[in-house]
Amino acid sequence: MTLPLVVLGATGSIGTQTLEVADNLGLDVAVVAARSPSEHLVEIAHRYPDAAVIVAGGAAEERERFVASVGARVQFGPEPMLAAAATAGRIVMNAIVGAAGLRATLAGLEAGNRVALANKESLVAGGPVVSTALTRHGGELIPVDSEHSALHQCLVGEQADSVARLLLTASGGPFRGRSRETLASVTPDEALRHPTWSMGRRITIDSATMFNKGLEVVEAHNLFGVAYDRISIVVHPQSILHSAVEFVDGSWKAHLGRPDMRIPIQYALTTPGRMASLADPFTLAGLELTFEQPDRVAFPAIDIAFEAGRAGGSAPAVMNAADEIAVEAFLQGRLGFLGISDIVARAIDTVEWRELVTVDDVIEADREGRAVAASLIASVC
Ligand code: NAD
Ligand code: MG
(Lines give C-alpha, C1' and ligand atoms only; values in the text may rest on other atoms or scores of the structure.)
(Ligands and ions follow the chains in the order given, each with its own letter.)
Protein backbone atom coordinates (compact mmCIF):
# COMPACT_ATOMS: atom_id res chain seq x y z
CA MET A 1 0.00 0.00 0.00
CA THR A 2 1.25 3.46 -0.85
CA LEU A 3 1.71 5.82 2.09
CA PRO A 4 -0.53 8.85 2.75
CA LEU A 5 0.29 11.81 0.57
CA VAL A 6 1.18 15.37 1.54
CA VAL A 7 0.60 17.66 -1.44
CA LEU A 8 2.43 20.98 -1.10
CA GLY A 9 1.49 23.47 -3.81
CA ALA A 10 -1.83 21.66 -4.32
CA THR A 11 -3.43 24.46 -6.35
CA GLY A 12 -0.66 24.67 -8.95
CA SER A 13 -0.13 22.89 -12.24
CA ILE A 14 1.81 19.98 -10.71
CA GLY A 15 -0.29 19.96 -7.53
CA THR A 16 -3.55 19.68 -9.46
CA GLN A 17 -2.20 16.85 -11.60
CA THR A 18 -0.90 15.10 -8.47
CA LEU A 19 -4.42 15.08 -7.05
CA GLU A 20 -5.74 13.62 -10.32
CA VAL A 21 -3.12 10.86 -10.14
CA ALA A 22 -3.84 10.23 -6.46
CA ASP A 23 -7.58 9.91 -7.14
CA ASN A 24 -6.97 7.55 -10.03
CA LEU A 25 -4.70 5.32 -7.91
CA GLY A 26 -6.97 5.57 -4.86
CA LEU A 27 -4.24 7.11 -2.67
CA ASP A 28 -4.95 8.72 0.67
CA VAL A 29 -4.48 12.50 0.42
CA ALA A 30 -3.65 13.43 4.01
CA VAL A 31 -2.60 17.06 3.58
CA VAL A 32 -3.11 19.75 0.95
CA ALA A 33 -1.20 23.02 1.18
CA ALA A 34 -0.89 26.17 -0.92
CA ARG A 35 0.24 29.76 -0.59
CA SER A 36 -3.12 31.55 -0.75
CA PRO A 37 -6.57 30.97 0.73
CA SER A 38 -8.02 30.89 -2.78
CA GLU A 39 -11.36 29.62 -4.10
CA HIS A 40 -9.41 26.85 -5.80
CA LEU A 41 -8.06 25.67 -2.43
CA VAL A 42 -11.57 25.83 -0.93
CA GLU A 43 -12.78 23.58 -3.73
CA ILE A 44 -9.89 21.14 -3.15
CA ALA A 45 -10.57 21.16 0.60
CA HIS A 46 -14.19 20.18 -0.03
CA ARG A 47 -13.10 17.36 -2.31
CA TYR A 48 -10.90 15.90 0.47
CA PRO A 49 -12.99 16.29 3.63
CA ASP A 50 -10.56 14.22 5.73
CA ALA A 51 -7.41 16.07 4.66
CA ALA A 52 -5.65 18.70 6.75
CA VAL A 53 -5.57 22.00 4.86
CA ILE A 54 -2.65 24.39 5.18
CA VAL A 55 -2.42 27.94 3.87
CA ALA A 56 1.07 29.42 3.97
CA GLY A 57 0.12 33.06 3.39
CA GLY A 58 -2.92 35.32 2.98
CA ALA A 59 -4.20 38.44 4.74
CA ALA A 60 -6.15 38.15 8.03
CA GLU A 61 -9.49 38.93 6.38
CA GLU A 62 -8.96 36.34 3.60
CA ARG A 63 -7.99 33.77 6.21
CA GLU A 64 -11.19 34.38 8.17
CA ARG A 65 -13.31 33.90 5.07
CA PHE A 66 -11.39 30.71 4.26
CA VAL A 67 -11.97 29.21 7.73
CA ALA A 68 -15.66 30.06 7.44
CA SER A 69 -15.98 27.90 4.32
CA VAL A 70 -13.48 25.11 5.14
CA GLY A 71 -13.74 24.76 8.92
CA ALA A 72 -11.43 24.03 11.81
CA ARG A 73 -9.07 21.69 9.96
CA VAL A 74 -7.27 24.69 8.43
CA GLN A 75 -3.84 25.71 9.67
CA PHE A 76 -1.94 28.83 8.64
CA GLY A 77 1.70 29.70 8.06
CA PRO A 78 4.77 27.88 6.82
CA GLU A 79 5.37 25.97 10.10
CA PRO A 80 2.38 23.60 9.82
CA MET A 81 3.48 22.89 6.25
CA LEU A 82 6.93 21.90 7.44
CA ALA A 83 5.44 19.83 10.27
CA ALA A 84 3.26 17.98 7.74
CA ALA A 85 6.31 17.21 5.59
CA ALA A 86 8.21 16.14 8.70
CA THR A 87 5.63 13.58 9.83
CA ALA A 88 7.24 10.19 9.24
CA GLY A 89 5.49 7.58 7.13
CA ARG A 90 4.26 9.89 4.37
CA ILE A 91 5.13 10.70 0.80
CA VAL A 92 5.70 14.41 0.34
CA MET A 93 4.94 15.88 -3.07
CA ASN A 94 6.78 19.18 -3.14
CA ALA A 95 5.08 21.13 -5.93
CA ILE A 96 5.74 24.57 -4.46
CA VAL A 97 7.22 27.06 -6.93
CA GLY A 98 10.43 28.88 -6.02
CA ALA A 99 13.13 28.72 -3.38
CA ALA A 100 10.34 28.81 -0.77
CA GLY A 101 10.15 25.03 -1.32
CA LEU A 102 13.60 24.29 0.11
CA ARG A 103 12.62 23.98 3.77
CA ALA A 104 9.82 21.55 2.93
CA THR A 105 12.22 19.33 0.98
CA LEU A 106 14.60 19.30 3.93
CA ALA A 107 11.80 18.66 6.44
CA GLY A 108 10.60 15.65 4.43
CA LEU A 109 14.08 14.19 3.98
CA GLU A 110 15.06 14.75 7.61
CA ALA A 111 12.02 12.70 8.68
CA GLY A 112 13.23 9.88 6.41
CA ASN A 113 10.29 10.36 4.04
CA ARG A 114 10.15 9.99 0.30
CA VAL A 115 10.09 13.44 -1.27
CA ALA A 116 8.65 13.52 -4.79
CA LEU A 117 10.42 16.66 -5.95
CA ALA A 118 8.87 18.94 -8.54
CA ASN A 119 10.39 21.97 -6.80
CA LYS A 120 13.68 22.02 -8.73
CA GLU A 121 14.63 25.26 -6.97
CA SER A 122 15.34 23.23 -3.79
CA LEU A 123 18.16 21.46 -5.60
CA VAL A 124 19.37 24.46 -7.57
CA ALA A 125 19.58 26.83 -4.61
CA GLY A 126 20.34 24.34 -1.85
CA GLY A 127 22.06 21.43 -3.62
CA PRO A 128 24.77 20.75 -1.01
CA VAL A 129 22.36 21.13 1.91
CA VAL A 130 19.78 18.81 0.32
CA SER A 131 22.49 16.21 -0.42
CA THR A 132 23.61 16.27 3.22
CA ALA A 133 20.02 15.83 4.45
CA LEU A 134 19.53 12.96 2.04
CA THR A 135 22.60 11.00 3.10
CA ARG A 136 22.16 11.67 6.84
CA HIS A 137 18.55 10.71 7.35
CA GLY A 138 17.76 7.89 4.96
CA GLY A 139 14.98 9.71 3.11
CA GLU A 140 14.41 9.30 -0.59
CA LEU A 141 14.42 11.98 -3.29
CA ILE A 142 12.55 11.07 -6.47
CA PRO A 143 12.54 13.75 -9.17
CA VAL A 144 9.26 14.76 -10.80
CA ASP A 145 10.75 17.06 -13.43
CA SER A 146 10.19 15.05 -16.61
CA GLU A 147 13.83 15.10 -17.75
CA HIS A 148 15.13 14.03 -14.34
CA SER A 149 12.48 11.37 -13.94
CA ALA A 150 13.66 10.08 -17.33
CA LEU A 151 17.31 10.14 -16.26
CA HIS A 152 16.47 8.50 -12.94
CA GLN A 153 14.73 5.69 -14.79
CA CYS A 154 17.62 5.28 -17.26
CA LEU A 155 20.07 5.07 -14.34
CA VAL A 156 18.25 2.43 -12.30
CA GLY A 157 20.60 -0.55 -11.87
CA GLU A 158 23.61 1.24 -13.39
CA GLN A 159 26.96 2.02 -11.73
CA ALA A 160 28.18 5.62 -11.47
CA ASP A 161 31.39 4.90 -13.41
CA SER A 162 29.40 3.44 -16.32
CA VAL A 163 27.90 6.83 -17.14
CA ALA A 164 29.62 8.82 -19.89
CA ARG A 165 27.09 11.65 -20.34
CA LEU A 166 23.63 12.88 -19.40
CA LEU A 167 21.67 14.38 -22.26
CA LEU A 168 18.86 16.72 -21.23
CA THR A 169 16.27 17.45 -23.87
CA ALA A 170 14.65 20.89 -24.19
CA SER A 171 11.56 21.78 -26.19
CA GLY A 172 13.19 25.09 -27.13
CA GLY A 173 10.12 26.97 -25.90
CA PRO A 174 7.97 29.40 -27.92
CA PHE A 175 10.98 31.30 -29.35
CA ARG A 176 12.98 28.42 -30.79
CA GLY A 177 14.65 29.50 -34.03
CA ARG A 178 14.36 33.23 -33.27
CA SER A 179 17.45 35.46 -33.35
CA ARG A 180 18.49 37.45 -30.28
CA GLU A 181 17.56 40.78 -31.93
CA THR A 182 13.96 39.71 -32.53
CA LEU A 183 13.55 38.69 -28.88
CA ALA A 184 14.02 42.22 -27.53
CA SER A 185 10.37 43.16 -28.03
CA VAL A 186 8.51 39.94 -27.12
CA THR A 187 5.59 40.35 -24.70
CA PRO A 188 4.64 38.29 -21.62
CA ASP A 189 1.64 36.92 -23.54
CA GLU A 190 3.86 35.61 -26.33
CA ALA A 191 6.33 34.15 -23.82
CA LEU A 192 3.52 32.43 -21.89
CA ARG A 193 2.46 30.44 -24.96
CA HIS A 194 4.46 27.22 -24.54
CA PRO A 195 4.23 24.84 -27.52
CA THR A 196 4.16 21.48 -25.72
CA TRP A 197 3.67 21.83 -21.93
CA SER A 198 1.01 23.64 -19.91
CA MET A 199 2.70 24.82 -16.70
CA GLY A 200 2.85 27.56 -14.04
CA ARG A 201 3.85 31.08 -15.08
CA ARG A 202 7.40 31.14 -13.78
CA ILE A 203 8.50 27.88 -15.38
CA THR A 204 6.78 28.87 -18.63
CA ILE A 205 8.80 32.10 -18.84
CA ASP A 206 11.89 30.14 -17.80
CA SER A 207 11.24 27.82 -20.74
CA ALA A 208 11.07 30.81 -23.09
CA THR A 209 14.45 32.18 -21.87
CA MET A 210 15.80 28.61 -21.46
CA PHE A 211 16.67 29.36 -17.83
CA ASN A 212 14.48 26.36 -17.10
CA LYS A 213 16.98 24.14 -18.90
CA GLY A 214 19.82 25.94 -17.14
CA LEU A 215 18.25 25.27 -13.74
CA GLU A 216 17.72 21.67 -14.82
CA VAL A 217 21.42 21.24 -15.60
CA VAL A 218 22.24 22.21 -12.02
CA GLU A 219 19.39 20.02 -10.78
CA ALA A 220 20.81 17.04 -12.72
CA HIS A 221 24.33 17.66 -11.42
CA ASN A 222 23.09 17.74 -7.83
CA LEU A 223 20.77 14.75 -8.20
CA PHE A 224 23.06 12.38 -10.05
CA GLY A 225 26.55 13.64 -9.12
CA VAL A 226 27.63 13.90 -12.76
CA ALA A 227 30.23 16.60 -13.61
CA TYR A 228 29.07 19.60 -15.65
CA ASP A 229 31.40 18.67 -18.52
CA ARG A 230 29.39 15.48 -18.90
CA ILE A 231 25.94 17.10 -19.06
CA SER A 232 24.64 18.32 -22.43
CA ILE A 233 21.47 19.91 -23.73
CA VAL A 234 19.82 19.09 -27.03
CA VAL A 235 16.71 20.82 -28.37
CA HIS A 236 13.93 18.38 -29.23
CA PRO A 237 10.75 20.32 -30.07
CA GLN A 238 8.35 17.36 -29.92
CA SER A 239 9.04 16.68 -26.19
CA ILE A 240 8.72 12.91 -26.71
CA LEU A 241 12.25 11.84 -25.76
CA HIS A 242 12.45 13.15 -22.20
CA SER A 243 16.22 12.70 -21.72
CA ALA A 244 18.93 10.09 -22.25
CA VAL A 245 22.07 8.62 -20.74
CA GLU A 246 25.13 7.67 -22.76
CA PHE A 247 27.20 4.91 -21.18
CA VAL A 248 30.96 4.29 -21.48
CA ASP A 249 30.43 1.22 -23.69
CA GLY A 250 28.61 3.26 -26.35
CA SER A 251 25.14 2.16 -25.27
CA TRP A 252 22.43 4.76 -24.84
CA LYS A 253 19.25 4.58 -22.79
CA ALA A 254 16.52 7.09 -23.50
CA HIS A 255 13.12 7.56 -21.92
CA LEU A 256 10.21 8.26 -24.27
CA GLY A 257 6.53 8.87 -23.87
CA ARG A 258 3.73 11.34 -24.19
CA PRO A 259 4.48 14.82 -22.78
CA ASP A 260 2.11 14.35 -19.85
CA MET A 261 3.37 15.33 -16.40
CA ARG A 262 1.00 12.83 -14.78
CA ILE A 263 3.41 10.09 -15.87
CA PRO A 264 6.52 11.33 -13.97
CA ILE A 265 4.31 12.44 -11.06
CA GLN A 266 2.90 8.92 -10.78
CA TYR A 267 6.31 7.29 -11.18
CA ALA A 268 7.61 9.33 -8.22
CA LEU A 269 4.72 8.06 -6.09
CA THR A 270 4.76 4.38 -7.08
CA THR A 271 8.38 3.47 -7.86
CA PRO A 272 9.76 0.79 -7.69
CA GLY A 273 6.32 -0.41 -8.86
CA ARG A 274 4.30 0.88 -11.78
CA MET A 275 0.55 1.13 -12.28
CA ALA A 276 -1.74 1.99 -15.19
CA SER A 277 -1.99 5.76 -15.56
CA LEU A 278 -4.37 8.38 -16.91
CA ALA A 279 -2.11 9.13 -19.88
CA ASP A 280 -3.60 8.57 -23.32
CA PRO A 281 -2.20 5.68 -25.36
CA PHE A 282 0.99 6.50 -27.21
CA THR A 283 2.55 5.18 -30.36
CA LEU A 284 5.76 6.03 -32.19
CA ALA A 285 4.44 5.25 -35.65
CA GLY A 286 4.06 8.41 -37.71
CA LEU A 287 6.03 10.59 -35.29
CA GLU A 288 9.01 12.57 -36.47
CA LEU A 289 11.55 13.21 -33.73
CA THR A 290 14.10 15.95 -34.42
CA PHE A 291 17.13 17.17 -32.46
CA GLU A 292 19.22 20.32 -32.81
CA GLN A 293 21.88 22.25 -30.89
CA PRO A 294 20.56 25.05 -28.65
CA ASP A 295 21.27 28.62 -29.77
CA ARG A 296 23.51 29.90 -26.97
CA VAL A 297 23.55 33.48 -28.34
CA ALA A 298 19.77 33.92 -28.41
CA PHE A 299 19.50 32.07 -25.09
CA PRO A 300 22.46 33.10 -22.89
CA ALA A 301 20.71 31.55 -19.88
CA ILE A 302 22.27 28.20 -20.76
CA ASP A 303 25.85 29.40 -20.38
CA ILE A 304 24.98 31.54 -17.36
CA ALA A 305 23.63 28.43 -15.65
CA PHE A 306 26.60 26.21 -16.55
CA GLU A 307 28.93 28.91 -15.21
CA ALA A 308 26.93 29.34 -11.99
CA GLY A 309 26.80 25.56 -11.57
CA ARG A 310 30.56 25.22 -11.99
CA ALA A 311 31.17 28.11 -9.56
CA GLY A 312 28.97 26.26 -7.07
CA GLY A 313 28.45 27.62 -3.53
CA SER A 314 26.06 30.56 -3.47
CA ALA A 315 26.14 31.20 -7.26
CA PRO A 316 23.25 28.88 -8.28
CA ALA A 317 21.12 30.17 -5.36
CA VAL A 318 21.73 33.75 -6.47
CA MET A 319 20.95 32.79 -10.08
CA ASN A 320 17.63 31.24 -9.09
CA ALA A 321 16.65 34.13 -6.80
CA ALA A 322 17.54 36.79 -9.38
CA ASP A 323 15.62 34.88 -12.03
CA GLU A 324 12.50 34.71 -9.83
CA ILE A 325 12.61 38.49 -9.41
CA ALA A 326 13.44 39.19 -13.06
CA VAL A 327 10.64 36.91 -14.35
CA GLU A 328 8.15 38.69 -12.10
CA ALA A 329 9.36 42.08 -13.37
CA PHE A 330 9.03 40.87 -16.98
CA LEU A 331 5.48 39.61 -16.33
CA GLN A 332 4.59 43.00 -14.83
CA GLY A 333 5.98 44.83 -17.86
CA ARG A 334 8.85 46.39 -15.88
CA LEU A 335 11.66 44.54 -17.67
CA GLY A 336 12.24 43.45 -21.26
CA PHE A 337 12.65 39.80 -22.20
CA LEU A 338 16.41 40.07 -22.82
CA GLY A 339 16.71 41.93 -19.51
CA ILE A 340 15.94 38.70 -17.63
CA SER A 341 19.25 37.01 -18.45
CA ASP A 342 21.17 40.30 -18.18
CA ILE A 343 19.87 40.91 -14.66
CA VAL A 344 20.61 37.33 -13.58
CA ALA A 345 24.19 37.46 -14.92
CA ARG A 346 24.82 40.82 -13.25
CA ALA A 347 23.33 39.64 -9.94
CA ILE A 348 25.65 36.61 -9.91
CA ASP A 349 28.63 38.92 -10.58
CA THR A 350 27.55 41.38 -7.90
CA VAL A 351 26.77 39.11 -4.94
CA GLU A 352 29.91 37.93 -3.18
CA TRP A 353 30.50 34.18 -3.66
CA ARG A 354 30.17 32.10 -0.53
CA GLU A 355 30.15 28.46 0.37
CA LEU A 356 26.78 27.04 1.41
CA VAL A 357 26.87 24.80 4.47
CA THR A 358 23.61 25.39 6.32
CA VAL A 359 20.09 26.16 5.22
CA ASP A 360 20.56 29.68 6.61
CA ASP A 361 23.47 30.16 4.19
CA VAL A 362 21.12 29.26 1.32
CA ILE A 363 18.41 31.59 2.57
CA GLU A 364 20.92 34.44 2.90
CA ALA A 365 22.22 33.88 -0.66
CA ASP A 366 18.62 33.78 -1.88
CA ARG A 367 17.81 37.02 -0.02
CA GLU A 368 20.88 38.79 -1.43
CA GLY A 369 20.16 37.56 -4.95
CA ARG A 370 16.61 38.95 -4.75
CA ALA A 371 17.70 42.28 -3.29
CA VAL A 372 20.47 42.82 -5.84
CA ALA A 373 18.22 41.81 -8.75
CA ALA A 374 15.48 44.17 -7.55
CA SER A 375 17.86 47.11 -7.31
CA LEU A 376 19.42 46.34 -10.70
CA ILE A 377 15.94 46.25 -12.24
CA ALA A 378 15.04 49.53 -10.54
CA SER A 379 18.18 51.11 -12.01
CA VAL A 380 17.35 50.08 -15.59
CA CYS A 381 13.67 51.08 -15.46
P1 NAD B 1 2.35 26.85 -10.17
O2 NAD B 1 2.70 28.30 -10.15
O3 NAD B 1 1.30 26.36 -11.07
O4 NAD B 1 1.96 26.37 -8.68
C5 NAD B 1 2.75 26.68 -7.56
C6 NAD B 1 2.10 26.18 -6.28
O7 NAD B 1 2.99 26.50 -5.19
C8 NAD B 1 0.75 26.83 -5.95
O9 NAD B 1 -0.09 25.86 -5.37
C10 NAD B 1 1.11 27.87 -4.90
O11 NAD B 1 0.04 28.19 -4.01
C12 NAD B 1 2.23 27.16 -4.16
N13 NAD B 1 3.14 28.04 -3.43
C14 NAD B 1 3.88 29.06 -3.93
N15 NAD B 1 4.60 29.61 -2.96
C16 NAD B 1 4.33 28.92 -1.82
C17 NAD B 1 4.75 29.03 -0.48
N18 NAD B 1 5.62 29.97 -0.08
N19 NAD B 1 4.27 28.13 0.41
C20 NAD B 1 3.37 27.20 0.03
N21 NAD B 1 2.93 27.04 -1.23
C22 NAD B 1 3.40 27.91 -2.12
O23 NAD B 1 3.75 26.09 -10.43
P24 NAD B 1 3.98 24.67 -11.16
O25 NAD B 1 4.10 24.89 -12.61
O26 NAD B 1 3.02 23.67 -10.62
O27 NAD B 1 5.45 24.34 -10.65
C28 NAD B 1 5.72 23.86 -9.35
C29 NAD B 1 7.15 23.36 -9.30
O30 NAD B 1 7.27 22.25 -10.19
C31 NAD B 1 8.18 24.39 -9.78
O32 NAD B 1 9.35 24.23 -9.06
C33 NAD B 1 8.41 24.00 -11.24
O34 NAD B 1 9.70 24.37 -11.69
C35 NAD B 1 8.29 22.49 -11.14
N36 NAD B 1 7.92 21.84 -12.41
C37 NAD B 1 6.72 22.10 -12.98
C38 NAD B 1 6.36 21.49 -14.16
C39 NAD B 1 5.03 21.73 -14.79
O40 NAD B 1 4.70 21.05 -15.77
N41 NAD B 1 4.22 22.63 -14.31
C42 NAD B 1 7.25 20.59 -14.77
C43 NAD B 1 8.47 20.34 -14.16
C44 NAD B 1 8.79 20.96 -12.96
MG1 MG C 1 11.63 19.82 -16.99
Using alpha carbon positions and the Kirkwood radius, the Rg to Rh ratio of the range 37-79 is 0.91
Expressed in angstrom and rounded, the centroid-to-centroid distance over alpha carbons for the range 299-332 and the range 173-197 is 18
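Could you work out the relative contact order of the chain? I mean the mean sequence separation of Cα pairs under 8 Å and 6+ apart, divided by the number of residues, in percent.
Over the chain, the number comes to 15 percent.
Roughly how big is the range 111-227's charge dipole about its Cα centre, with Cβ charges of +1 (Lys, Arg) and -1 (Asp, Glu), in debye to the nearest 20? Walk me through the numbers on the way to the answer.
Values: 11 positive and 12 negative charges, 38 e Å.
Using only the charged Cβ atoms, the result is roughly 180 debye.
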Using modelled backbone amide H atoms (1.01 Å from N, in-plane), which distant-in-sequence or interchain residues come within less than 5 Å of residue 75's amide H?
53, 54, 55
Provide the per-residue ³J(HN,Hα) series for the range 64-77, in order, calculated from phi with Karplus coefficients 6.51, -1.76, 1.60 and θ = phi - 60°, each as a whole number of Hz, with x at glycine and proline positions.
4, 4, 5, 5, 4, 9, 9, x, 6, 7, 8, 10, 10, x
In whole Å, what is the distance between the alpha-carbon centres of the range 117-172 and the range 342-381?
25
Specify whether the C-alpha gyration tensor of the range 16-115 places it in the rounded, prolate or oblate class, a ≥ b ≥ c being the square roots of the eigenvalues: rounded for a/c under 1.5, otherwise prolate if a/b is larger than b/c and oblate if not.
oblate
Accessible area of the chain with a 1.4 Å probe: how many percent of it is carbon plus sulfur?
52
Kindly write out, for the range 103-118 in residue order, the coupling ³J(HN,Hα) from the Karplus curve 6.51 cos²θ - 1.76 cosθ + 1.60 (θ = phi - 60°), rounded to whole Hz, with x marking Gly and Pro.
4, 5, 4, 5, 4, x, 5, 5, 7, x, 7, 7, 10, 7, 9, 8
Points 7 angstrom from Cα along the Cβ direction at residue 192 and residue 278: gap in nanometres?
2.3
Which listed residue (306, 362, 325) has the Cα farthest towards the positive end of the charge dipole for the range 295-381, taking +1 on Lys and Arg C-beta and -1 on Asp and Glu C-beta about the Cα centre?
325
Taking θ = phi - 60°, what integer Hz values does the Karplus form 6.51 cos²θ - 1.76 cosθ + 1.60 yield along the range 294-309, in sequence order, with x for Gly and Pro?
x, 8, 7, 7, 5, 10, x, 3, 4, 6, 4, 5, 4, 5, 5, x
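When the dipole is taken about the Cα centre of the chain, and only Lys, Arg (+1) and Asp, Glu (-1) are charged at their Cβ, what size is it in debye, to the nearest 20?
For the chain, the charge dipole is close to 360 debye.
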By the Kirkwood definition, with r running over pairs of different Cα atoms, the range 289-348 has a hydrodynamic radius in Å of 12.2
When the dipole is taken about the Cα centre of the range 304-381, and only Lys, Arg (+1) and Asp, Glu (-1) are charged at their Cβ, what size is it in debye, to the nearest 20?
260
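Let me know the whole percent of all Cα-Cα pairs from the range 268-381 that are separated by more than 26 Å.
More than 26 Å apart: 41 percent of the Cα pairs in the range 268-381.
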Approximate spin-label separation residue 291-residue 40, in nm, with each point projected 7 Å along Cα-to-Cβ:
3.5
Rotationally averaged projected area of the range 30-178 (alpha carbon convex hull; nm²)
12.0
Percent antiparallel among DSSP beta bridges (both partners in the chain, rounded to 5):
30
Where the chain is the region considered: accessible area per residue in Å², 1.4 Å probe:
42
Distance between the range 24-55 and the range 220-275 - C-alpha centres, whole angstrom
30
Using the reciprocal of the averaged 1/r over all distinct C-alpha pairs, how large is the Kirkwood radius of the range 1-62 in Å?
11.7
Mean projected area, convex hull of alpha-carbon positions in the range 204-275, reported to one decimal in nm², is 6.2
Cut-off under 5 Å, modelled amide H: who pairs with residue 119 long-range
94, 96
With all pairs of different alpha carbon atoms counted, what Kirkwood hydrodynamic radius in Å does the chain show?
21.1
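The values are calculated or read from the model by the stated rules, or taken from the named source; none is laboratory data. What you see is a predicted model; the values in this text were computed from it and never measured. Because the Cβ atoms are built from the backbone with ideal geometry, glycine has one as well, and the counts that use them run over all protein chains shown. Protein only, heavy atoms only, side chains kept; ligands, DNA and RNA dropped before computing areas. Shrake-Rupley method; radii C 1.70, N 1.55, O 1.52, S 1.80 Å.
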